[in-house]
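This report refers to the structure that appears directly beneath it.
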Amino acid sequence: MPLWKRFGGIALVFGLLLLLDHLLYGPSRVAHDQYKEDVLIRCGLAIILAVSLNIVNGFTGQFSLGHIGFYMVGAYVGAALSTYGHTHLFPQLPTDGSPVGLWTSALPILAVSLAGGLAAAAIGFLVGLPSLRLRGDYLAIITLGFAQIILVIVRNIKAVDGATSFTGLPVASQDQALAHVATPHLTSLFWVFLVAALVIWVAYSLRFSVHGLAFLAVREDEIAAEAMGINTTRYKVLAFVLSAFFTGIAGALFAHYQSSLSNESFRFERSIDVVVMVVLGGLGSISGVTIAAVLLTILPEALRPIAQYRLVVYPLLLVILMLTRPQGIFGREEVSRAWLRGQLTSIAGWFSRRPDRV
Amino acid sequence: MLILENIEVSYGPIKALKSVSLEIAAGEIVTLIGANGAGKSTTLRAISGLVPSQSGRILFEGKEITNKPADQIVQLGVGHSPEGRRIFANMSVRENLELGAYTRRDRAGIAEDLERGLTLFPRLRERIGQNAGTLSGGEQQMLAMARALMARPRLLLLDEPSLGLAPFLVRDIFRIIQDINQQGTTVLLVEQNAHLALGIAHRGYVLETGHIVMADEAKALLANDDIKKAYLGE
């Protein structure tokens, strides 16, 4: 690929993200459509979660049900870093949870994301080890158990108020309302979708390199893969570590979007949600999984007008989708570059409708 | 080229190989015959590092490869076309072949070997973009062999290439094995069809419940009365 094309692509993504960010928040970043922001951020996080889980479940065919555990590790490690390291590391940040400018948040968000991502990756390495001996249902149970262990451990860590909700640190202050250092509100659309773009790019590069074929070979037939000279151990652990890393980053982003962190956000069902996105999108298909992540986040919102019936209609739609396309929306296919570009602009188009100012 | 010295392999409490020793010289076709469960496939798996050996030594071109990771053994030049073909069913024929060359980085050489493989197995050329799972049994066997050859092995381990194939296809496959051998690849062939295997091999070993019970020139084994009775159905 010529250099100008590669940099052109990066510039295009940055431009679109900045535009997206600007359209929602406006110049002041104080008042914006919080509902829209919420849905969009959840879409972005869902993309990161689903595309990274796809590396494990889709590429290498290992069945992990514990994805939300990595998310939780990332969230709490990130939040703990920004809360406890606040005065030393990021003195420029407001302590009252008020919005932070995009560029002011750059360094802190990089720091907390890396911390969350690396912590999750380390745990991912540990969880990846049993995958060397176990497959299918057994591995699913192990990873499920792991997510529960993480949940129980965090619940018992007092320093992050794991049992209730982590809202920052209490500090001595004259002003009662500012009696604690809130987890800074660092996350904005720009960062979430930047990471989403990054994880999609990494997944694509992996898939269409010699490593991509090796991952798929491990999924198809481990013994044959080994006979080809593929180090299956390395690929399985690599998949877990990489997947956990991005999920950890998503967790840290989530933590700095919420004003408080509750263990309720990391229940087992959330793992299932992500697995559903991956299966629905098509195991292994990056574009399919991305679209499914967005679809499954927006669908419940789109169904809001029918009020209580949406809890009936939503699962029904899932069943119909699975019956009509058991291989997932995209099966094993990928959408082309041009198609993806069109898709991005249409998302931006949807978004640019005038937001209602709060 | 390859030497096995007193190799022992167990699956849990079951001893599959009890002290197997054999030797293959460069350029040979050597066949390993024996009944079901005699340990033929296990021998191949031990050589290519897919199962660990409890004791004994395996030497390939003078280098000890006992219990080395499978990927390193492939890199040293041992190709394995495993039992039951084990092709990657949901990938195209081309992707299967590319994976065969996984350990190699010389693009020109890989392209050359791909061309050679497709010349050896013209059926694969017709089906290059097709999903491997849609191939017939014979074509899948060809693919498994072509895939193993993509690593440009000096020693090719073939496990039951005739399994489940129509007789005319089996003859084709065996002719191709001879071609491969004549192009300079040493072959260790495991077969239940002892008659055919001994027909193309230079030498043969007979494996019985984890022991080598006989070793001789292929012609001599074909003429041996015990072998005739036990394995050739005469």
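The values are calculated or read from the model by the stated rules, or taken from the named source; none is laboratory data. Source: prediction; values computed, not measured. Because the Cβ atoms are built from the backbone with ideal geometry, glycine has one as well, and the counts that use them run over all protein chains shown. Note: areas computed on protein heavy atoms with side chains; ligands, DNA, RNA excluded. Shrake-Rupley method; radii C 1.70, N 1.55, O 1.52, S 1.80 Å.
A few comments on the model shown:
- For the stretch B:1-83, the Stokes-Einstein estimate of translational diffusion at 20 °C and a viscosity of 1.002 mPa s comes to 166 µm²/s, using the Kirkwood hydrodynamic radius over alpha-carbon pairs.
- Computed log₁₀ I(q)/I(0) - Debye formula, equal Cα scatterers, no solvent, chain B, q 0.14, 0.16, 0.17 Å⁻¹: -0.87, -1.13, -1.26
- Among beta bridges identified by DSSP and lying wholly in the protein assembly as shown, the antiparallel ones come to about 55 percent.
- Note on B:THR134 and A:ALA348: the model spin-label points, each 7 Å out from Cα along the C-beta direction, lie 3.9 nm apart.
- Charge-dipole axis of the protein assembly as shown as Lys and Arg at +1 and Asp and Glu at -1 on Cβ define it, positive-most pick from A:LEU118, A:LEU253, A:PHE146: A:LEU253
- Basic side chains Lys and Arg get +1 at the Cβ, acidic Asp and Glu get -1 at the Cβ, and with that the dipole of chain B about its Cα centre reaches some 440 debye.
- Treating r as the C-beta distance of A:ILE149 and A:SER259 and R0 as 30 Å, the FRET efficiency rounds to 0.65.
- Evaluated at q = 0.11 Å⁻¹, the base-10 log of the normalised Debye intensity for the protein assembly as shown, with identical point scatterers placed on the Cα atoms, takes the values -1.01.
- Averaged over its residues, the protein assembly as shown has an accessible area of 44 Å² per residue, based on protein heavy atoms and a 1.4 Å probe.
- Nitroxide proxy distance, nm - points 7 Å out along Cα→Cβ at B:GLU126 and B:LEU59: 4.7
- Placing +1 on each Lys and Arg Cβ and -1 on each Asp and Glu Cβ, with no other charges, gives the protein assembly as shown a dipole about its Cα centre of roughly 980 debye.
- Chain lengthening between A:ARG267 and A:ILE10 when straightened (0.36 nm per residue, less Cα-Cα): 88.9 nm
- Net charge of neighbours whose Cβ lies under 10 Å from the Cβ of B:ARG123, counting Lys and Arg as +1 and Asp and Glu as -1: -1
- Value at 222 nm in deg cm²/dmol, rounded to 500, when DSSP H runs of n ≥ 4 in chain A each add -39,500 (n - 2.57): -21500 deg cm²/dmol
- For A:ARG325 and A:SER165, the FRET efficiency from 1/(1 + (r/R0)^6), where r spans their Cβ atoms and R0 equals 30 Å, is about 0.15.
- Span-like helix ranges in chain A, DSSP H, alpha carbon extent 30 angstrom or more, Kyte mean at least 0.5: A:3-25, A:106-128, A:232-255
- Spatially close lysines, pair count over chain B: Cα under 23 Å, gap of eight or more or interchain: 12
- Projecting the Cα atoms of A:VAL218, A:MET277, A:LEU20 onto the charge dipole of the protein assembly as shown (Cβ charges, centred on the Cα centre) puts A:LEU20 farthest toward the positive pole.
- Computed over chain B with a Gaussian network model linking Cα atoms closer than 10 Å, the most mobile of B:ALA46, B:ALA148, B:ALA220 is B:ALA220.
- Placing unit charges on the Cβ atoms only, positive for Lys and Arg and negative for Asp and Glu, gives the stretch A:33-269 a dipole magnitude near 420 debye about its Cα centre.
- Rg and Dmax over the alpha-carbon atoms of the stretch B:27-153 stand at 15.4, 46 Å.
- Estimated at the nearest 10 Å², the accessible area of B:ASP225 is 100 Å² with a 1.4 Å probe.
- Within the listed set A:ASP221, A:ASP273, A:ASP21, the residue fluctuating most in the Gaussian network model of chain A (springs between alpha-carbon atoms under 10 angstrom) is A:ASP221.
- For B:ALA89 and A:LYS158, the FRET efficiency from 1/(1 + (r/R0)^6), where r spans their Cβ atoms and R0 equals 60 Å, is about 0.70.
- Positive end of the dipole of the protein assembly as shown (Cβ unit charges, origin at the Cα centre): among A:GLN308, A:LEU65, A:SER209, the Cα lying farthest that way belongs to A:GLN308.
- Convex hull volume of the C-alpha atoms in the stretch A:33-269, normalised per residue: 119 Å³.
- Taking A:ALA307, A:ALA255, A:ALA203 in turn, the Gaussian network model of chain A (Cα-Cα springs below 10 Å) assigns the largest fluctuation to A:ALA307.
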